[in-house]
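K.L.:
Below you'll find the structure I mean.
None of the figures in this text is laboratory data; all of them are computed from the coordinates on show. What you are looking at is a predicted structure, and each value in this text was computed from that prediction instead of being measured. Cβ sites come from the backbone with ideal geometry, for glycine too, and all protein chains shown count toward neighbours.
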Amino acid sequence: MNRYYYDLHIHSCLSPCGDDDNTPNNIAGMASLCGLNVVALTDHNTTENCPAFFEAARRYGIVPIAGMELTTSEDIHVVCLFETLENAMAFGQKVKEYRIPIKNRPDIFGSQQILDGQDNIIGEEENLLINATLISINEVPDLVGEFGGVCYPAHIDRQSNGVISILGTFPCSPFFKCAELHDGEKKDEYVQKYGLQDKIFIVSSDAHNLGDMRDKQNYFELDDEPYSSSLVRKRLFELLR
């Protein structure tokens, strides 16, 4: 068993609220400087920068996870992670069917840049990515499961877009095995207040700029012999499932 320090919630420059300096290569490089081993790219309602992040992560020795921060119809944020890049991209295509097409205003919301593995701009998403989709919180687990992924409510300790702030509690249904905290020190408080003794807590930065990324602190212990990045991902998903 070895420790793998992680951050499973980071936004790139494709998220309109993400800084333009949050390119796949810069994220991977900063993750390396922070001592992180496993990092997930989770842009709002899209996975289009995940291929570039996978390429960049390999250069820095980071185990990449392809993901998305999905906004439900209730305006709740849910982290969705996938064991393979292929499944993540297929999920991203599926979510497009549920997005409400509203033209982005870069002057108001920020640009939405799609990059390649060398941080060259190869496209820009025209429709705004941060608005709610037509997918309800009750539908998310089954939809993510169709693509072999795992999902859990994001930053439940925040007022904006947190499941508790919107619903008033952590729902029993649909069932989520995991929950994300932005501030890990609030774990005991939330366990006691909302009866979350059975949850796996994941503490991630929700970084929208490079300065938000944190030095290594939170980790999983995983059996990684014989080592490969795909085995690390497999063991992580076995734990989260």
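K.L.:
For the chain, with a Gaussian network of springs between Cα atoms less than 10 Å apart, report the residue from C172, C80, C13 with the top mean-square fluctuation.
P.N.:
Per the Cα network of the chain with a 10 Å cutoff, C172 tops the list.
K.L.:
Going by C-beta contacts inside 10 Å, put V79, V232 in order with the fewest on the left.
P.N.:
Listing V79, V232 from fewest to most nearby Cβ atoms yields V232, V79.
K.L.:
A follow-up question, please. So what's the range 2-240 giving for Cα Rg divided by 2.2 N^0.38 Å, two decimals?
P.N.:
Normalised by 2.2 N^0.38 Å, the Cα Rg of the range 2-240 equals 0.94.
K.L.:
Please list the equivalent ellipsoid semi-axes of the range 16-95, computed as the square roots of five times the alpha-carbon gyration tensor eigenvalues, in descending order and whole angstrom.
P.N.:
Whole-Å semi-axes of the equivalent ellipsoid: 22, 14, 11.
K.L.:
Report, in debye and to the nearest 20, how large the dipole of the range 28-181 comes out about its Cα centre when Lys and Arg carry +1 and Asp and Glu carry -1 on their Cβ.
P.N.:
Taking the Cα centre of the range 28-181 as origin, the dipole is about 200 debye.
K.L.:
Let me ask something else about it. Report, to two decimal places, the Cα Rg of the range 112-241 normalised by 2.2 N^0.38 Å (N = number of residues).
P.N.:
1.22
K.L.:
Tell me, what does the Kirkwood hydrodynamic radius of the range 173-241 come to in angstroms if you use every pair of distinct C-alpha atoms?
P.N.:
Radius from the Kirkwood sum: 14.1 Å.
K.L.:
Where does each of 223-231, 141-149, 67-75 land if you order them by average Cβ count within 10 Å, highest first?
P.N.:
Ranking, from highest mean packing down: 67-75, 141-149, 223-231.
K.L.:
Would you please put 191-198, 209-216 in order of how densely packed they are, using the mean number of other Cβ atoms within 10 angstrom per residue and starting with the highest?
P.N.:
Peptide ranking by packing, descending: 209-216, 191-198.
K.L.:
Given the range 1-51 reduced to its alpha-carbon atoms as identical point scatterers, what log10 I(q)/I(0) does the Debye formula return at q = 0.24, 0.27 Å⁻¹?
P.N.:
Cα-only, vacuum Debye calculation for the range 1-51: -0.88, -1.05.
K.L.:
Using Cα-Cα distances under 8 Å and only pairs 6 or more residues apart, what relative contact order does the range 2-240 have, in percent?
P.N.:
Once divided by the residue count of the range 2-240, the mean separation gives 25 percent.
K.L.:
Could you tell me, in Å, what Rg and Dmax come out for the Cα atoms of the range 50-192?
P.N.:
Here Rg and the maximum Cα pair distance are 16.2, 48 Å.
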